[in-house]
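Working notes, structure below.
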Amino acid sequence: MNDLLAGLISAFHLIVTLDHDLVEISLRSLQVTVTAVVIAAAIGLPFGAWLSVTRFRFRRIAIAVLNALMGLPPVVVGLVVYILLSRSGPFGVFNLLFTPTAMIIAQVIIVTPIIASLSHQAIRELWYLYHDLLISLNTSKWQRMKALLWDGRRSLLTATLTGFGRAIGEIGAIMIVGGNIDHLTRVLTTAIALEVGKGDFPLAIGLGIVLITLAIAINLAIHILSRTEREGRW
Amino acid sequence: MVSSILPLTLKDAVVRKGGVQIVGPVEFALEGGGCSVLIGPNGAGKTTLLRLMHGLEKARSGSVSWNGTQKDVRLRQSFVFQTPVVMRRTVRENIAYPLLVRGRHKKEALVEADRWIDEVGLSASGHKEAHILSGGERQKLALARAMITDPDVLFLDEPTTNLDGASTQEIEALILRAKADGVRIIMATHDFGQSRRLGDEILFLYRGQIHERGQVEDFFDHPTTEEARTFIDGDILV
Ligand SMILES: Nc1ncnc2c1ncn2[C@@H]1O[C@H](COP(=O)(O)OP(=O)(O)O)[C@@H](O)[C@H]1O
Ligand SMILES: [Mg+2]
């Protein structure tokens, strides 16, 4: 108990004084996750919209697979990315293993299905509403996707934030492909695991507080957004 | 560009859904000007027939043909749905949308939309989110959005069914104005008064088929079929 209290006090000290390590690790976490989420959204949102307005033979199967991919175990994603990027792997020549880029790649793979699946659900609802009008107006498929993505932007933001929440707290994949290297690939989650292992509780708790604050902020944002969605009917 | 996408010709057209024949076979042509009213009891197939003419339903057999290239035909007709589709945008953005689809610049389209907002009497609501509009206002939005493209043909599916008396009057006035501007109107209703006020001719639809077609007064005063007579007398048709 004393450990925890002492830890909390020094953690607050680290945060208030903007401890160099703490800031560096937090910023890297944000950099990796924000980059990954931006890329995942750039792929997932249009894909979700496309899936809503396109009829093709294996559509139902594609949607089922996409939903299943939402639950992809990060450790397995990490393992596969590790094998692909390792020196003997097909992408070994790029020397990406144990770099932030490798971590971004792994997170993109984890987050894209989440964003695509959630945005598909939201867009499908809107498409059901708009269908007759957009067909009647002789819109092209691209115009339909554009209208749905724009008018559904609040639910799509919620989907994207959900992906962010998932990625920022993720450790399984980035530990494997990033290696938790000091000043290079260490992020909030991997640093906490390390500091706990070393017994350095103040830093671990400080990092934990930052991580929890970020997670709560994201969840709050999602909550507020989905509330305004319901009240304003979107 | 052709002068008009009319005449519209239906030849033995049939619509089937879920193995059931909902409309057809129907055979008629629409040309000239004015307002043709599709009248008939609920479930007669009015909505389906309008959607078939507009191209939202496919004919299982028979044909629906317009005068002009496919693209012209698509772009020069508008459809107002029974329940207006309201996009999650402001009123003026809703009304401007068909122009954006046609490649017009946003600024220009919004200026045009503002003109139509005044025209239909939504001036106070132009910048509001469209979803807060009342039923009557939504129908006005839908009418403005349908008219902004300057269509040859306007389809209306029971445009005042869920509206109160005052809104109905306003909507009917707008429809009459469109008609006076030379827009060819094809509308569905089950309201006799409305078909007398707006219509030039009646097409009586019953169980998916046109049983009678004639001038409004003739239809109501001298129906020639048993079904039409029963319908006009207000008996329940099944
Ligand atoms: N998708 C569908 N599948 C099966 N039956 C349908 C479908 N859509 C409409 N119907 C049926 O077709 C008939 C005509 O419908 P509709 O055109 O909406 O009639 P109206 O507009 O005259 O009330 C109704 O009996 C309706 O139940
Ligand atoms: Mg109907």
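The values are calculated or read from the model by the stated rules, or taken from the named source; none is laboratory data. This one's a predicted model, so the numbers in the text were calculated from it and none came from an experiment. All Cβ positions, glycine included, derive from the backbone under ideal geometry; neighbour counts span all protein chains shown.
Overview of values
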read-out: Members of segment A:123-147 found to be more than 14 Å from B:R145 (Cα to Cα) and more than 8 Å from chain B (Cβ to nearest Cβ), listed by number; value: A:I123, A:R124, A:E125, A:W127, A:Y128, A:H131, A:S140, A:K141, A:W142, A:R144, A:M145, A:K146
read-out: Those residues of segment B:16-40 which are in contact (Cβ under 8 Å) with a residue 60 or more places away in the chain and within 14 Å of ligand 1 (Cβ to nearest atom), in sequence order; value: B:Q21, B:I22, B:V23, B:G24, B:V26, B:V37, B:L38, B:I39, B:G40
read-out: Given (1) small (G, A, S); (2) closer than 18 Å to A:V81 by Cβ; (3) touching an Asp or Glu at 6+ places or on another chain (Cβ under 7 Å), number of the condition A:A167 does not satisfy; value: (3)
read-out: Selected residue (criterion: farthest from A:I174 (Cα to Cα)) from residues of segment A:73-96 that are buried (at least 16 other Cβ atoms within 10 Å of the Cβ) and touching a residue at least 40 places away in the same chain (Cβ under 8 Å); value: A:L85
read-out: Residue match in segment B:67-79 (condition: within 14 Å of chain A (Cβ to nearest Cβ), surrounded by fewer than 20 Cβ atoms within 10 Å (Cβ to Cβ) and on the phi > 0 side of the Ramachandran plot); value: yes
read-out: In segment B:41-51, the residues that are within 6 Å of ligand 1 (Cβ to nearest atom) and away from every other protein chain (no Cβ under 14 Å); value: B:N42, B:G43, B:A44, B:G45, B:K46
read-out: Residue in segment B:127-138 that is nearest to ligand 1 (Cβ to nearest atom), counting only those that are within 14 Å of chain A (Cβ to nearest Cβ) and in a helix (DSSP H, G or I); value: B:R138
read-out: Count - residues of segment A:195-205 that are at pLDDT 85 or above and crowded, with 18+ Cβ neighbours inside 10 Å; value: 3
read-out: Yes/no for B:I186 being buried (at least 20 other Cβ atoms within 10 Å of the Cβ) and modelled with pLDDT of 95 or more; value: yes
read-out: Count of residues meeting criterion [within 16 Å of ligand 1 (Cβ to nearest atom) and either out of contact with any strand residue (DSSP E or B) (no Cβ under 9 Å at 6 or more places or on another chain) or within 14 Å of chain A (Cβ to nearest Cβ) (or both)] in segment B:150-163; value: 4
read-out: Wholly enclosed strands (runs of 3 or more DSSP E) of segment B:164-238 bearing at least 1 residues within 16 Å of ligand 1 (Cβ to nearest atom), touching a Lys or Arg at 6+ places or on another chain (Cβ under 8 Å) and away from chain A (no Cβ under 14 Å); value: B:184-189, B:201-206
read-out: Count of segment A:90-108 residues which are assigned to a helix (DSSP H, G or I), modelled with pLDDT of 95 or more and among the β-branched types (V, I, T); value: 4
read-out: Every pair of residues 6+ apart whose Cβ atoms lie under 7 Å, when the first sits in segment A:17-35 and is in a helix (DSSP H, G or I) while the second is charged (D, E, K, R); value: A:I25/A:R186; A:R28/A:R186
read-out: The lone exception for B:V86 - which of (1) within 12 Å of chain A (Cβ to nearest Cβ); (2) within 16 Å of ligand 1 (Cβ to nearest atom) it fails; value: (2)
read-out: Every residue from segment B:98-126 that is within 13 Å of another protein chain (Cβ to nearest Cβ) and within 19 Å of the chain's Cα centre (by Cα); value: B:P98
read-out: Filter pass, A:H13 being at pLDDT 90 or above, exposed (fewer than 14 other Cβ atoms within 10 Å of the Cβ) and within 30 Å of A:H183 (Cα to Cα); value: no
read-out: Hey, B:G18 modelled with pLDDT under 90, under 17 Å from the mean Cα position of the chain (by Cα) and more than 15 Å from ligand 2 (Cβ to nearest atom) or not; value: no
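One line per residue, one yes/no per condition, for (1) under 17 Å from the mean Cα position of the chain (by Cα); (2) touching a residue at least 60 places away in the same chain (Cβ under 8 Å):
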{"residue": "A:G169", "(1), (2)": "yes, no"}
{"residue": "A:A173", "(1), (2)": "yes, yes"}
{"residue": "A:G178", "(1), (2)": "yes, yes"}
{"residue": "A:D182", "(1), (2)": "no, no"}
{"residue": "A:L207", "(1), (2)": "no, yes"}
{"residue": "A:L225", "(1), (2)": "no, yes"}
